[in-house]
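The structure appears right after this line, and notes come after that.
The values are calculated or read from the model by the stated rules, or taken from the named source; none is laboratory data. These numbers were taken from a predicted model, which means no experiment stands behind them. We place every Cβ from the backbone using ideal geometry, glycine too, and count neighbours over all the protein chains shown. Accessible surface is based on the protein model in full, side chains and every heavy atom, while ligands, DNA and RNA are left aside. Shrake-Rupley method; radii C 1.70, N 1.55, O 1.52, S 1.80 Å.
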Amino acid sequence: MDAEIRPFDTIAMPMPMPEPVVGRAWKIFGVYLLLQALVQSILGAVIGARIAVESGGVANAEAFARALQSLAGPGACVAGAAAGLAVLRMLPRSLDERAGAGVYVSWWAPAGLREMALPAIAGMLLATAYVHVGDSFYPVDATVQQGPLASMAQSPGSRQWLWATFAVLCAPAIEEILFRGVLLTALQRAWGTICAAAVVSLIFVALHAGEAAGYPPAMFAIGAVGILTLVLRLRTGKIAPAISAHAVYNLVIVVNALALM
């Protein structure tokens, strides 16, 4: 007698569909922004509590504003580094085969010395042009509105060295992996190269507007850095050359700032 046939013996259960790669990319980007805001909020709350204790519980808005302003730059460095670590922690999950490994794996490929050296030279030339052209046609003075990191760059001592370390060792790798790595790759597959490149570049410039909006040459320079690293990423298919160009660009800016002190 034939065994009883049950529905589950003949009908295969569908496998769960992996989350779309573009959705994972936006999730990583969202975590990056939210974690920065969270770290800044926690630091602000700690300062507020400290001021309240020192003033005997009486609110001191002026003291709080001064303290918060002095913390804005260091807080941005700490928050940026923490958010960058979170992005790196999330990447292995995005590299899982069921989540579309091929979309992310290719740009992790190592780059040779020449692939790193030529972008570094390009970054150096771009930064040198920005420093000299900006100083010649739009010198920085007391009327130029500066962001927290730009203020740190002109503050001798530990604040300036913290900014220099973050600008050279942390920011280039974090930003290139996030923008020209995760976001560009996912959006390129979903929307095409031109649309993906435009969106990523606009977001990159917009997130730097708080630092550079008061100084037009800086806005042009940030846009140029975004275009340079975008071209390097698309031409080589790797993220390392873009990081090299970005890091050397920042290094020239740092050296120039230190030389002026």
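A few comments on the model shown:
- Subset of the range 77-91 [open to solvent by less than 40 Å² (accessible area, probe 1.4 Å) and at pLDDT 85 or above]: CYS77, ALA79, GLY80, ALA81, ALA82, ALA83, GLY84, ALA86, VAL87
- For the range 218-259, taking the residues that are over 21 Å from VAL200 (Cα atoms) and without any contact (Cβ under 8 Å) to a residue 12 or more places away in the chain, the one that is farthest from the chain's Cα centre (by Cα) is identified as ALA259.
- The number of residues in the range 205-226 that are open to solvent by 50 Å² or more (accessible area, probe 1.4 Å) and closer than 18 Å to ALA72 by Cα comes to 4.
- Only listed residue being in contact (Cβ under 8 Å) with a residue 60 or more places away in the chain and polar (S, T, N, Q), chosen from SER158, SER151, SER136: SER151
- Evaluated against (1) open to solvent by 60 Å² or more (accessible area, probe 1.4 Å); (2) in a loop (DSSP other than H, G, I, E, B), HIS132 falls short on exactly one condition, (2).
- Within the range 192-250, the set of residues being of a type in the set (S, T, N, Q) and within 18 Å of GLY147 (Cα to Cα) comprises just one member, ASN250.
- Taking every residue in the range 113-133 that is more than 12 Å from ALA247 (Cβ to Cβ) and pairing it with any residue that is surrounded by 14 or more Cβ atoms within 10 Å (Cβ to Cβ) and charged (D, E, K, R), at least 6 positions away or on another chain, the pairs with Cβ-Cβ distances below 9 Å are GLU115/LYS238.
- Residue that is modelled with pLDDT under 80, at negative phi and surrounded by 19 or more Cβ atoms within 10 Å (Cβ to Cβ), where the choices are SER94, SER106: SER94
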